[in-house]
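In what follows, a single structure is set out as structure tokens and then discussed.
Read-outs throughout are calculated quantities, based only on the coordinates presented, and are distinct from any laboratory measurement. Note that the structure is a prediction, hence the values are computed from the model and not measured. No Cβ is skipped: glycine too gets one built from the backbone with ideal geometry, and neighbour counts run over all protein chains shown.
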Amino acid sequence: MDELFKQLAESLSQVSGFIYPNEAELHWALLIVIYPYITGLVAGAFILASLEKVFKVKEVEPTYRLAMLTALAFLIVAPMPLLAHLGHPERSFEIFLTPHFKSAMAMFGFVYAWYLMVVLLLEIWFEYRADVVKWSESQKGWRGLAYRLISLGSSDISPKAVAFDQKAVHTITLIGIPSAFLLHGYVGFIFGSVKANPWWSSVLMPIVFLCSAIVSGIALVLLLYYFTTLVRRKTPEMSCLDKLASFLLYALIVDLSLETLDFIHRLYESEESIKILSELIFSKLFLSLTIVQILLGTIGPILLLAITRFSRLPEELKRVGYFIAALLVQVGIFSTRWNVVIGGQLFSKSLRGLTVYKMQLVGAEGLLTGIGFLILPFLILFLLVKLLPPWQESRSS
Amino acid sequence: MATTCERREFLLKLLQLPCSAVLLSVCGPLPLFADEKKEGYDAGEHYYGMGIQVDKCIGCGRCAEACKAENDVLRQPYYFRTWVERYVVYGDGEVTVDSPEGGIHGFSAAQSDREVLRSFFVPKLCNHCDNPPCVQVCPVGATFKSVDGVVLVDKDYCIGCRYCIQACPYGARYLDPRTKTADKCTFCYHRITKGLLPACVEVCPTQARVFGELKAMSSPLRRLMRMSNLQVLKPYLNTEPKVLYSELDREVR
């Protein structure tokens, strides 16, 4: 506790203007930045995957299974930072047992369970079922056992059964798209519905969250697809990368338009909070909002993608261009989450002062924990990929 | 014949079901209520609120001090169930607000040669909103509005997610690092249920704080409501506070 008091004393000494005395402590820190970032990646990756199944975009087919596994790996990690952030993680099950139905947050468990159980796991199971059955026959030892377990006792790989699998995948994807919208739109609602906070309180928040989720998900799958093909010493399919880059570009433009609309709307309405919010943007958030989120993370990739996608560059150069753009997008979307979550707590609700956020290096809410939560999904993805190879050449059929 | 019989039995059972439900609801919980009555406090008979006469507050900070002592609030200046703010409006329209250590040691005189238009103190605390956003957002229902209108936190149930702290527009909540649960003003619930006044009201030397029944016909608060033009903080948020301010300046947020 002494450590906390020392931190709070330091924060208080850097406050400008007036804050309510209880506002010295910043309550939602790095872990709550990571949570919407990760769920955004889940929703985005799933929506990209559904392009192939529902909208028949054949070019992105090589990324379908990878995108689904990515969504699953990140979804498994998504609740962890939340849990670690709770004062009493051991009481978290109360959200399931005695949910307060008027609370937006109480719905988290149900939205999460629905998405994990009904959408992701089921769709991945049907998609892989025929392959898993074949692998269970061809593989020996623990791998064979694992596949037999995953197959849940099914062994029918007749054309009729496989056709049913595909039909099931199609249907689940149809349910999955609104569910993915729900998953991340809901995270936006958690922030957007806090009327006490003028930086968060906006009806656009769920939509902006959703759009940036799609952006980050496409960019992540692009990065992973590019990286995994290189590691496997294959050449990525250019038509696939081109399509991904196009979708990323369009999603970025929609995202930027929405953010601009939000900005102009606030400026034009010029409510009571406009003075302190302007001060916030031009001081505490200048680097993370103007420079990183808007210039480096949005406008930069838009220009880079537009130039590489629609010019006659050699393929190798194009790929590098896409890769850099997708990396920049990740940095940009992370800072978007940062600016929402941390930015919303850097000004006093008295609208008369600004406070500071000092990130700790170690500890439950420290930088190292945060990095851990960001690396963990990739480790899980690695295991998933080992178990359920998403590559086209691994398909047994 | 058999079908008629079955139908009759079915109808009888159908009738028994609501009857037993009614009986249970009438007789079942009766002993429970009886126990509550024995303690002498019936929450249903009260509806509390607080009036604050801004022009009477002298900024001595005794209320903040008494609150900390009475409710075992951490001494560190980041945790307050109640605090006092000082507003200084200068001639050129600039406004400064301060609340050094919640005003617990009072305020030092403003060191400035500038012309001061007006200056005043505003005691703050949980507004015990009738439409409380903190209660709305709590995912497990650990914070709730009791029958007598007081917003309370069950610290044995709170999961420490801090959503209520974010949702409170008045900065009235904090996370107690000892219990890792949300904490806030309770109107000194342990006192008021015994017929005593909240500690802050008890110690106020100028009677700037008036505690009492919002709905009873004769209560000091009711009198204040009749005699003064009362306002609430941030009325546009529709939180319907039950802490009412008289002579509230427009600069106060």
Practice prompt. Set the Förster distance to 25 Å, then compute FRET efficiency between A:VAL15 and A:LYS102 from the Cβ-Cβ distance, nearest 0.05.
Written response: 0.15
Item to complete: Can you tell me the 0 to 90 degree angle between the C-alpha axis of helix A:122-138 and the longest principal axis of chain A, rounded to 10?
Response: 40 degrees
Worksheet item: Among the aspartates and glutamates, which fall within straight-line cross-link reach of B:LYS155, defined as a Cα-Cα distance under 20 Å, with same-chain neighbours fewer than 8 residues apart omitted?
Response: A:GLU25, A:GLU90, A:GLU94, B:GLU70, B:ASP72, B:ASP176, B:ASP183
Fill in: the stretch A:3-155: radius of gyration over Cα atoms, expressed as a fraction of 2.2 N^0.38 Å
1.46
Worksheet entry | Net dipole in debye of the stretch A:191-325 [+1 Lys, Arg Cβ; -1 Asp, Glu Cβ; about Cα centre; nearest 20] | 600 debye
Fill in: Whole-number D in µm²/s for the stretch A:19-104 (Stokes-Einstein; Kirkwood sum over Cα pairs; 20 °C, 1.002 mPa s)
138 µm²/s
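Mind sorting A:GLU316, B:GLU85, B:GLU240 by how few other Cβ atoms lie within 10 Å of their own Cβ, fewest first? Before the final figure, lay out the partial values.
On the way: A:GLU316 9, B:GLU85 24, B:GLU240 13.
Fewest-to-most ranking of A:GLU316, B:GLU85, B:GLU240: A:GLU316, B:GLU240, B:GLU85.
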Fill in: Dmax and Rg, reported as Rg then Dmax, of the stretch A:150-271 (C-alpha, Å)
20.1, 65
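Report the calculated FRET efficiency for A:ARG233 and B:ASN131 (r = Cβ-Cβ distance, R0 = 60 Å), to the nearest 0.05. Display every interim value, and only then the final one.
Values: r = 63 Å, r/R0 = 1.05.
After rounding, the FRET efficiency stands at 0.45.
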Worksheet item: Volume per residue, Å³, of the convex hull around the alpha-carbon atoms of the stretch B:184-247?
Response: 114 Å³
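Based on the Cα coordinates of the stretch A:86-245, what is the per residue volume of their convex hull in Å³? Walk me through the numbers before you get to the answer.
On the way: hull volume 33.1 nm³, N = 160.
Taking the convex hull of the Cα positions in the stretch A:86-245, it is 207 Å³ per residue.
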Item to complete: Select from A:VAL187, A:GLY370, A:VAL57 the residue farthest towards the positive end of the dipole of chain A; place +1 on Cβ of Lys and Arg, -1 on Cβ of Asp and Glu, and compute about the Cα centre.
Response: A:VAL57
Worksheet item: Most fluctuating residue of A:TRP200, A:TRP338, A:TRP28 in a GNM of chain A with Cα springs under 10 Å: which is it?
Response: A:TRP28
Item to complete: Pick out, from A:ALA245, A:GLN293, A:LEU303, the residue whose Cα sits farthest towards the positive end of the charge dipole of the stretch A:224-317, with +1 on the Cβ of Lys and Arg and -1 on the Cβ of Asp and Glu.
Response: A:ALA245
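About the Cα centre of the stretch A:206-282, what is the dipole size in debye to 20, counting +1 per Lys and Arg Cβ and -1 per Asp and Glu Cβ, all else neutral?
The dipole magnitude comes to about 680 debye.
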Item to complete: State the answer as a single residue: which of A:LEU145, B:ILE104, A:LEU361 lies farthest towards the positive end of the charge dipole of the protein assembly as shown, with beta carbon charges of +1 for Lys and Arg and -1 for Asp and Glu, about the Cα centre.
Response: A:LEU145
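Output the direction-averaged projected area (hull surface divided by four) of the convex hull of the alpha-carbon atoms of chain B, in nm². Provide the component values of the computation, followed by the final result.
Details: hull surface 77.3 nm².
So the Cα hull casts an average projection of 19.3 nm².
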Worksheet item: Nearest 10 degrees, 0 to 90: what angle lies between the long axis of helix A:300-309 and the longest principal axis of chain A (Cα atoms)?
Response: 30 degrees
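DSSP loop (so not H, G, I, E, B), at most 16 other Cβ within 10 Å: list which trypsin sites (Lys or Arg not before Pro) in the stretch A:95-165 pass both filters.
Details: sites: A:LYS102, A:ARG129, A:LYS134, A:LYS140, A:ARG143, A:ARG148, A:LYS160; in loops: A:LYS102, A:LYS140.
Here the sparse-neighbourhood loop sites are A:LYS102, A:LYS140.
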Worksheet item: Taking only pairs that are 8 or more places apart or on different chains, how many Lys pairs in the stretch A:176-312 have Cα atoms under 30 angstrom apart?
Response: 4
Practice prompt. Mind putting a number on the dipole of the stretch A:313-397 about its Cα centre? Charges go on the C-beta only, +1 for Lys and Arg and -1 for Asp and Glu, and I need it in Debye to the nearest 20.
Written response: 340 debye
Response to the item:
Fewest to most Cβ atoms within 10 Å: A:ILE34, B:ILE58, A:ILE302 sort as B:ILE58, A:ILE302, A:ILE34
Discussion item. Full-extension gain between A:LEU121 and A:ILE299, please, as 0.36 nm times their residue separation minus the C-alpha to C-alpha distance.
Written reply: 60.5 nm
Worksheet item: Among B:TYR79, A:TYR112, B:TYR170, A:TYR268, which comes first, then next, by fewest other beta-carbon atoms within 10 Å?
Response: A:TYR268, A:TYR112, B:TYR79, B:TYR170
Worksheet entry | Cα long-axis angle, helix A:64-77 against chain A (0 to 90 degrees, to the nearest 10) | 40 degrees
Worksheet, complete the sentence: Violations at 19 Å Cα threshold for listed pairs A:LYS56/A:LYS160; A:LYS134/A:LYS386; B:LYS56/B:LYS194; A:LYS349/B:LYS184; B:LYS145/B:LYS184 -> A:LYS56/A:LYS160; B:LYS56/B:LYS194
Worksheet item: So, how do all the Cα-to-Cα distances of the stretch B:104-183 break down into 10 Å bins, in percent, from 0 on up?
Response: 16, 39, 20, 15, 9, 0
Item to complete: Take every Cα-Cα pair in chain A and report what % of them are more than 39 Å apart.
Response: 22 percent
Response to the item:
For the stretch A:235-393, the Cα gyration tensor yields equivalent-ellipsoid semi-axes (√(5λ), largest first, whole Å) of 35, 24, 12
